[in-house]
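Please read the structure below before turning to the comments.
The values are calculated or read from the model by the stated rules, or taken from the named source; none is laboratory data. Not measured: the values here are computed from a predicted model. We place every Cβ from the backbone using ideal geometry, glycine too, and count neighbours over all the protein chains shown. With ligands, DNA and RNA removed, areas are computed over all heavy atoms of the protein, side chains included. Shrake-Rupley method; radii C 1.70, N 1.55, O 1.52, S 1.80 Å.
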Amino acid sequence: MIALRSVLFNTIFYANLIIRMIVLSPYYFVVPRKIAYAIPKNWARSNHWLMRVIVGTTFEIEGLENLPDGSYILAPKHQSFWDTYALLPWLKDPVYILKRELMWIPLFGWYAKKQRMIPVDRGARGKVMVEVLKRTKEELSTGRQLIIYPEGTRRPPGAEPLYKYGIARMYRDLSLPVVPVAMHPGLFWPRRSIRRYPGHFKVRILPPIMPGMDPDAFFAHLIEVSERASDELLLETVAQNPHLPLPPTAVDRLVELRKLNAATG
């Protein structure tokens, strides 16, 4: 049944994306940008409904009160395609820094351009990165929220953290609060897999790290608070969903955490 439900969900998920983009394009590209943002936000809500009804996966969000007013940097853990869109309905006017290749995709790239997403060549240095920072400051000056995945790419649950120092540079240069987010959607929507698993998990929005810290101290603190919350949620999520097939990274990390808990009493 999991295989059947996974195929059904994936089929409807991508059909939902393509059909909405085509049918709603006339409206999306005519109305003002902020009004048009309702379309991707409603698309995200519809995906949550599809996951609940077809797959049997539900989630809850803790810590919405930790989101500051105005501009800030949201720094979620990144495990799955799920977390690229999941929080859209709860954010006022988010902006992403995207791989420039994504902007070349028909429809998707046009939608992203309408929302003034910021394309970047991942291998870029020097003047290109200066221009990206300039664009980012322009967008955030209007009260938007920047979403950055500190590890840069999807990592399986329980994997050793590989945070990129770019988040510390952004923290220093933008002088904005950074809000870490811990979650384990990768246990239910694994990367590089068509399988989708039922169950329930939490998204935990942590207190913001306010601007003004030394970048190195900020970087160490971000990793510490994010990974501590991630470990807590891994133990909790697996305990509540004993049916889940765990990736080796999660199995190994659980062994380490249980030994540590036993040693500390």
Checklist entry - So for the chain: antiparallel DSSP bridges make up what percent, rounded to the nearest 5? => result 20 percent
Checklist entry - Out of residues 5 or more away from residue 59 or on other chains, whose amide H comes under 5 Å of its own, with H placed 1.01 Å from N in the peptide plane? => result 201
Next on the checklist: Past the 19 angstrom mark, what percentage of all C-alpha to C-alpha distances in region 126-185 do you count?
Outcome noted: 38 percent
Checklist outcome for this item: Simple SL model, points at 7 angstrom along Cα→Cβ for residue 192 and residue 46; separation in nm is 3.1 nm
Checklist entry - Mind checking which of 128, 53, 238 has the largest fluctuation in a GNM of the chain, springs on alpha carbons under 10 Å? => result 128
Next on the checklist: Give me the percent relative contact order of the chain, please, defined on Cα pairs under 8 angstrom at least 6 residues apart.
Outcome noted: 25 percent
Next on the checklist: Show me the three semi-axes of the equivalent ellipsoid for region 79-233, from the C-alpha gyration tensor (sqrt of 5 times each eigenvalue), largest first, rounded to whole Å.
Outcome noted: 24, 21, 15
Item to check | Karplus 3J(HN,Hα) series, Hz, for region 182-190 with 6.51 cos²θ - 1.76 cosθ + 1.60 (x for Gly, Pro) | outcome: 10, 5, 10, x, x, 6, 10, 10, x
Checklist entry - What pairs from 137/164; 34/137; 202/259 go past 22 Å between their alpha carbons? => result 202/259
Next on the checklist: Using the basic label-point model (7 angstrom from Cα toward the beta carbon), what is the residue 153 to residue 93 distance in nanometres?
Outcome noted: 3.4 nm
Checklist entry - Roughly speaking, to the nearest percent, how much of region 60-246's 1.4 Å accessible area is carbon and sulfur? => result 57 percent
Checklist outcome for this item: The equivalent-ellipsoid semi-axes of region 1-104, taken as the square roots of five times the Cα gyration tensor eigenvalues and listed largest first in whole Å, are 24, 20, 14
Item to check | Length added when fully stretched, residue 262-residue 53, from 0.36 nm per residue minus Cα-Cα | outcome: 71.4 nm
Checklist entry - Which residue, chosen from 18, 170, 43, occupies the Cα position most advanced towards the positive end of the dipole of the chain, where the dipole is computed from +1 (Lys, Arg) and -1 (Asp, Glu) charges on Cβ about the Cα centre? => result 18
Item to check | Label point 7 Å beyond Cα of residue 221 along Cβ direction - residues of region 172-207 with amide nitrogen under 17 Å | outcome: 172-181, 206-207
Checklist outcome for this item: Probe 1.4 Å, heavy atoms of protein chains only: per residue, the accessible area of region 1-143 in Å² is 53 Å²
Item to check | Expected-Rg normalisation [2.2 N^0.38 Å, Cα atoms] applied to the chain | outcome: 1.03
Checklist entry - Taking 0.36 nm per intervening residue step and subtracting the Cα-Cα distance, what contour gain separates residue 103 from residue 7 on full extension? => result 31.8 nm
Checklist entry - Taking the simple approach of a point 7 Å from Cα along Cα-to-Cβ for both residue 235 and residue 38, what is their distance in nm? => result 4.5 nm
